[in-house]
Amino acid sequence: KSRNKLLFQNKNMHWRNVLRFARNDAIEWKVTDAHQERVNSTDQTQNQRVDELKRWRLPTQGRLKCNVDGSFYNETIEAAAGWVLRNEEGQFIGATQARGGKIGTALESE
């Protein structure tokens, strides 16, 4: 913006001031870039942790695992839900789905 102000208002600036402004801008860009790299690195680490938490795990020996999920569009359409059953080796045992009544929120469908 300083450069535009100089151009459009036909003002002159001593070369030392130009260098000082350029140096300050470069420092500001460097600090901003370093901050963004830290943010990106933190985001990536957090995303990896979330992915690890979200990963499906086998049920303990001798147990079955039933995963369920519900769906909800709006209060004018009936809700639906589905189930998947797996054994301790992760092998598919069975699945089914069902439709329910009209509900008011997505939380109700879960």
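Taking every alpha-carbon pair under 8 Å whose residues sit at least 6 apart, the range 58-109 reaches a relative contact order of 38 percent. Of the chymotrypsin sites (Phe, Trp or Tyr not before Pro) found in the range 32-92, the ones in coil according to DSSP and having at most 10 other Cβ atoms within 10 Å of their Cβ are Trp56. Over the range 58-109, the pair-distance histogram of Cα-Cα distances with 10 Å bins from zero comes to 27, 36, 23, 13, 0 percent, rounded to whole numbers.
Every number in this text was worked out from the coordinates using simple rules, so none of it is lab data. Worth saying up front: this structure is predicted, and the values here are computed from it rather than measured. Glycine also receives a Cβ, built like all others from the backbone with ideal geometry; neighbour counts cover every protein chain displayed.
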